[in-house]
Amino acid sequence: QIRLVESGGGSVQSGGSLRLSCVGSGSIFSIFTMGWYRQAPGKQRELVAITSTPSDTNYADSVKGRFTIDFRRTDNTAYLQMNNLKYEDTAVYYCHIRYRQTSALVWTDAWGQGTQVTVSS
């Protein structure tokens, strides 16, 4: 089992910035992807950003140009720099990892506990 610990959420005014952090610990042999998802009240969880390599990174259209994901593979850590935040970015943000615990090609998904981001207009 592994553990994902998120931090960096909070409240900010529209146009402000926040930086989320996610650190993975435990039995991680290798990581395929790390990413961030979010879920606003009454809505489904949606992808924000996901990456495996700098050239293989995807963002939701709604955050392109404003959010940047930074994946530090050697540290099992992913950051999400969020700039020019908007009211509609308000949500609980979840870290996600797809990893394997051994050299066997068996991939497992895990989620963090979530961190609240609130943007006031």
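From the set of residues in the stretch 67-105 that are of a type in the set (V, I, T) and modelled with pLDDT under 95, which is surrounded by the most Cβ atoms within 10 Å (Cβ to Cβ)?
T102
I'd like the residue in the stretch 14-50 that is part of a strand (DSSP E or B) and of a type in the set (D, E, K, R) and, out of all such residues, is surrounded by the fewest Cβ atoms within 10 Å (Cβ to Cβ).
Per the criteria, the residue is E46.
Of the residues Q101, Q116, which single one is in contact with a Gly (Cβ under 7 Å, 6 or more places away or on another chain) and touching a residue at least 24 places away in the same chain (Cβ under 8 Å)?
Q116
For every residue, the table says whether it meets (1) within 12 Å of the chain's Cα centre (by Cα); (2) over 16 Å from D109 (Cα atoms); (3) aliphatic (A, V, I, L, M).
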| site | (1), (2), (3) |
| --- | --- |
| S17 | no, yes, no |
| S25 | no, no, no |
| W36 | yes, no, no |
| Q44 | no, yes, no |
| N83 | no, yes, no |
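Per-residue answers, yes or no, for (1) in contact with an Asp or Glu (Cβ under 9 Å, 6 or more places away or on another chain); (2) touching a residue at least 24 places away in the same chain (Cβ under 8 Å); (3) in a strand (DSSP E or B); (4) open to solvent by 60 Å² or more (accessible area, probe 1.4 Å):
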site: V12; (1), (2), (3), (4): no, yes, yes, no
site: S52; (1), (2), (3), (4): no, no, yes, no
site: T57; (1), (2), (3), (4): no, no, yes, no
site: D61; (1), (2), (3), (4): no, no, no, yes
site: D109; (1), (2), (3), (4): no, no, yes, yes
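Answer with yes or no whether I69 is assigned to a strand (DSSP E or B) and either out of contact with any Leu (no Cβ under 8 Å at 6 or more places or on another chain) or of a type in the set (S, T, Y) (or both).
no
The values are calculated or read from the model by the stated rules, or taken from the named source; none is laboratory data. Values in this document were obtained by computation on a predicted structure and should not be read as measured data. Cβ: placed from backbone, ideal geometry, glycine included. Neighbour counts: every protein chain shown. These accessible areas exclude ligands, DNA and RNA; they are computed on the full protein's heavy atoms, side chains included. Shrake-Rupley method; radii C 1.70, N 1.55, O 1.52, S 1.80 Å.
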